[in-house]
Amino acid sequence: MSFKPYARPDVRDSDIDAVVEVLKSQFLTTGPKVPELEAFFSKIVGVQEAVACSNGTTALHLASLALGLKPGDKVIVPALTFLATANVVRMCGADVVFCDVDPDTGIMRLEDLQKTAELTGQGVVAVYPVHIGGHCADMKAISAYARKRGWKIVEDACHALGGSNHGHSVGACAYSDFACFSLHAVKSFTSCEGGVVTTNDPAMAERMRRLRNHGISRSEEAGPLRYEMHELGFNYRLSDVHAALALSQLERLDEVAKRRAEIVECYRQELNGIADAVCSVKPTLHGVPLLHLFQLLIDFEKLGLARDAVAQTLAKKGVGTQVHYQPVCDQPYYKKRYGVADVPGARRFYKRVLALPLYASLTEVEVKQVVQAVKETFIY
Ligand SMILES: Cc1ncc(COP(=O)(O)O)c(C=O)c1O
């Protein structure tokens, strides 16, 4: 039985042809494919501006820079996320305030945000909700609360491309200032490495385009041979090679969404409640997700099992698994800076979570093999 990793890039001949076409062309770095990707991306998510960049982390960093985050500012970040969501705040010199999440979804709720805000007091300037696995935070409720306080909102949508929230596509920024996406190889759509920030603020988009290219601006008056730098920027550019791959992948968004949803439905029907203390992550109710991850919640303590041993058993049966994520506040860097955070929901989610293989090229037979392997592991 072949090994099925928890995620696998779905690269087809049409993707390879699109990349080869760019390799044979004049532009390998930023050429026509990057603005083409930006235009296509903004069309599919229904937003004014999409700014392509080198990865999801730089997308979050560009959004944070555009917000003007600075030392002394505080940003509320869910404790259960990938390191990058918090790290970009520190990269701007601002401080992270970790917020708890729902123990059954891993998502920050309004009540978690309210509690953190009350305990934190002054200095909060922004909140960064994260759509873990593709399940969306309740952006309508979070945005109403944040806007009243004058906070900015950056969605970490790195897992959530193709989903919707309160009737708006994720990335439409109906309830946020920016949404940030990753096109990393494990995501539902990839450019190998890549990222996109969306916004409805054209001035902010322009600023992020400058910041991704060393802070350089050009003008018609100065002519093509001169450029100026007014603020410190970075090399966070995406290449045309990567953009061509992303464009080719995004053309089959609906097909991939449908296939992933079928697999998720099959897993849910077959695996929910197969043993006392095993269930799938509860879907959040305010949108239709395109799931990046299929995550089981397993009360390993109750079952008297160790997660590492279960992962090894499943691996021997050909099933790859992964854990998303260790609470970021428990990383030595953050513990040293902020002490031990009070986030019981994030710790309870982390202790139980395990992602199973989910990718569009998973066949019916392979889905059945995964289901069988999981059942054999938990039903004695
Ligand atoms: C929730 C979340 N945010 C941000 C990132 C960073 O994206 P990238 O790896 O493209 O830099 C990731 C990557 O896995 C992620 O899972």
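Details
- In segment 104-163, the qualifying residues are those that are in a helix (DSSP H, G or I) and touching a Pro at 6+ places or on another chain (Cβ under 6 Å), and the one that is surrounded by the most Cβ atoms within 10 Å (Cβ to Cβ) is GLY134.
- Scan of segment 280-327 for residues that are of a type outside the set (A, V, I, L, M, F, W, C), more than 15 Å from the ligand (Cβ to nearest atom) and without any contact (Cβ under 8 Å) to a residue 60 or more places away in the chain, ordered by number: SER280, ASP299, GLU301, LYS302, GLY304, ARG307, ASP308, GLN312, LYS316
- Among the residues examined, HIS131 does not qualify as under 16 Å from ASN55 (Cβ atoms) and within 10 Å of the ligand (Cβ to nearest atom).
- Test: TYR325 is open to solvent by less than 50 Å² (accessible area, probe 1.4 Å) and in contact with a Phe, Trp or Tyr (Cβ under 7 Å, 6 or more places away or on another chain): yes
- Restricting segment 85-95 to residues that are open to solvent by less than 10 Å² (accessible area, probe 1.4 Å) and more than 14 Å from LEU65 (Cβ to Cβ), the residue that is farthest from the ligand (Cβ to nearest atom): ALA86
- Subset of segment 21-61 that is open to solvent by less than 30 Å² (accessible area, probe 1.4 Å) and within 14 Å of the ligand (Cβ to nearest atom) - its residue that is farthest from VAL89 (Cα to Cα): ALA52
- Number of the exception - LEU28 against (1) assigned by TED's automatic domain parsing to the domain that holds VAL127; (2) at pLDDT 95 or above; (3) not in a helix (DSSP H, G or I): (2)
- Taking the conditions (1) more than 19 Å from the chain's Cα centre (by Cα); (2) farther than 20 Å from CYS329 by Cβ in turn, HIS135 satisfies each one other than (1).
- Taking the criterion of being of a type in the set (Ser, Thr, Tyr) and part of a loop (DSSP other than H, G, I, E, B), the residues of segment 297-344 that qualify are THR321, TYR325.
- Test: residue in segment 330-349 that is under 18 Å from the mean Cα position of the chain (by Cα) and assigned by TED's automatic domain parsing to the domain that holds ARG260: yes
- Take the conditions (1) surrounded by fewer than 24 Cβ atoms within 10 Å (Cβ to Cβ); (2) among the polar types (S, T, N, Q); (3) within 20 Å of CYS136 (Cα to Cα); (4) touching a strand residue (DSSP E or B) at 6+ places or on another chain (Cβ under 8 Å); SER169 misses just one of them, which is (4).
- Breaking point among (1) part of a loop (DSSP other than H, G, I, E, B); (2) under 25 Å from PRO129 (Cβ atoms); (3) under 24 Å from the mean Cα position of the chain (by Cα), for LEU362: (2)
- The residue of segment 67-80 that is nearest to the ligand (Cβ to nearest atom), among those that are out of contact with any Cys (no Cβ under 9 Å at 6 or more places or on another chain) and assigned to a loop (DSSP other than H, G, I, E, B), is LEU80.
- Of the candidates ALA275, ALA261, the single residue that is outside any helix (DSSP H, G or I) and among the small types (Gly, Ala, Ser) is ALA275.
- Selection from segment 212-233 of residues that are open to solvent by less than 60 Å² (accessible area, probe 1.4 Å) and closer than 26 Å to SER191 by Cα: ARG212, ASN213, GLY215, ILE216, GLY233
- Some residue of segment 181-196 being open to solvent by 10 Å² or more (accessible area, probe 1.4 Å) and away from the ligand (no atom under 16 Å from the Cβ): no
- Unique residue being closer than 27 Å to HIS168 by Cα, under 20 Å from the mean Cα position of the chain (by Cα) and surrounded by fewer than 17 Cβ atoms within 10 Å (Cβ to Cβ) when the list is LEU245, LEU285: LEU285
- Failed item in (1) touching a residue at least 40 places away in the same chain (Cβ under 8 Å); (2) assigned to a helix (DSSP H, G or I); (3) open to solvent by 10 Å² or more (accessible area, probe 1.4 Å), with SER64 passing the rest: (3)
The values are calculated or read from the model by the stated rules, or taken from the named source; none is laboratory data. Computed from a prediction, not measured in an experiment: that's the story for all the values here. As a convention, Cβ positions derive from the backbone with ideal geometry for all residues, glycine included, and neighbour counts pool all protein chains shown. These area figures cover heavy atoms from the full protein model, side chains too; ligands, DNA and RNA do not enter into them. Shrake-Rupley method; radii C 1.70, N 1.55, O 1.52, S 1.80 Å.
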